[in-house]
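Read the structure below first, then the notes.
The values are calculated or read from the model by the stated rules, or taken from the named source; none is laboratory data. This structure is a prediction, so every number in the text was calculated from the model and none was measured. Using ideal geometry, Cβ is built from the backbone for each residue, glycine included, and neighbour counts are taken over all protein chains shown.
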Ligand code: PXL
């Protein structure tokens, strides 16, 4: 009899960061670190290193759709995350496929890279709000993304609470607004079914935070694939990303990656 070595499966639909700190590359490392088998559909290629993003090439929406259909029909994931999607057409295509997913969907509405390079057209905000957010289990904007999506300035805990309530109320999804860019303590605010929860962590003084958002949402996705409830998954992923920033390997000449090898608490 063949032994079963079954692992939970997670799928990331995201962009490529050849420097390995963000995007698809980060997601797969994180899935692996959490003991989850990773599948990866590529939406766009970036040319980048820790200094800058010099080029972004977005795939045709049909090509992305074919990749998703091929993998979900054969190795169905237990959780899916989206990262950089590159075009409103890709955002809407994923929303159209989402009813077939049959598993939690984490949407990280990546709009601007760590270096400030746009990874999607501004108009894609409407596609996220109208089409994809209503299909999501969890949405994970940072302060700038929460501001772009709600059209008000999100730069305080009070504004984060308000933005999380609004985005969650409109979509029905849980919303985790990440406070890493707050001036003080990096508190994250989760609005889950009308309830607000806060996840504080100590501020770590470092420039090596490239890929933080991808790494965090990938950890949440891995934990959801493993069967954890949402709030538990966010709490454990927050601990992991904090440790990953604290123990960053100091690679590259500018904004280096976090430590994807950071310890995963049992
Ligand atoms: O962290 C946002 C992000 C997502 N996806 C890709 C990226 C980046 C930031 O650089 O390169 C491919």
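Given (1) closer than 21 Å to residue 79 by Cα; (2) more than 16 Å from the ligand (Cβ to nearest atom), identify the lone condition not met by residue 162.
(1)
Just name the residue that is nearest to residue 9 (Cα to Cα) out of those in segment 188-207 that are at pLDDT below 95 and touching a helix residue (DSSP H, G or I) at 6+ places or on another chain (Cβ under 8 Å).
201
Determine whether segment 245-265 contains at least one residue that is at pLDDT 95 or above, within 15 Å of the ligand (Cβ to nearest atom) and part of a helix (DSSP H, G or I).
Yes, because at least one residue in segment 245-265 is at pLDDT 95 or above, within 15 Å of the ligand (Cβ to nearest atom) and part of a helix (DSSP H, G or I).
Tell me, which strands (runs of 3 or more DSSP E) wholly within segment 123-234 include 3 or more residues that are touching a strand residue (DSSP E or B) at 6+ places or on another chain (Cβ under 7 Å) and surrounded by fewer than 18 Cβ atoms within 10 Å (Cβ to Cβ)?
195-199
Of the residues 19, 4, which is part of a loop (DSSP other than H, G, I, E, B), more than 15 Å from the ligand (Cβ to nearest atom) and either crowded, with 18+ Cβ neighbours inside 10 Å or without any contact (Cβ under 8 Å) to a residue 60 or more places away in the chain (or both)?
On the way: 19 fails: more than 15 Å from the ligand (Cβ to nearest atom).
Exactly one of 19, 4 is part of a loop (DSSP other than H, G, I, E, B), more than 15 Å from the ligand (Cβ to nearest atom) and either crowded, with 18+ Cβ neighbours inside 10 Å or without any contact (Cβ under 8 Å) to a residue 60 or more places away in the chain (or both), namely 4.
For segment 95-108, which positions are more than 16 Å from the ligand (Cβ to nearest atom), outside any loop (DSSP other than H, G, I, E, B) and either closer than 23 Å to residue 53 by Cα or touching a strand residue (DSSP E or B) at 6+ places or on another chain (Cβ under 7 Å) (or both)?
Our first condition is that a residue be more than 16 Å from the ligand (Cβ to nearest atom); within segment 95-108, this holds for 95-105.
Those left that are additionally outside any loop (DSSP other than H, G, I, E, B): 95-100, 105.
Across segment 95-108, the qualifying residues are 98, 105.
Pairs, please: C-beta under 6 Å, at least 6 apart or cross-chain, first residue at positive phi and in segment 43-63, second in a helix (DSSP H, G or I) and within 10 Å of the ligand (Cβ to nearest atom)?
Sorted first by the residue in segment 43-63, then by its partner, the list stays empty.
Yes or no, residue by residue, for (1) in a strand (DSSP E or B); (2) surrounded by fewer than 19 Cβ atoms within 10 Å (Cβ to Cβ); (3) more than 16 Å from the ligand (Cβ to nearest atom):
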position: 14; (1), (2), (3): yes, no, no
position: 25; (1), (2), (3): no, no, no
position: 41; (1), (2), (3): yes, no, no
position: 46; (1), (2), (3): yes, no, no
position: 65; (1), (2), (3): no, yes, yes
position: 90; (1), (2), (3): no, no, no
position: 93; (1), (2), (3): no, no, yes
position: 110; (1), (2), (3): no, no, no
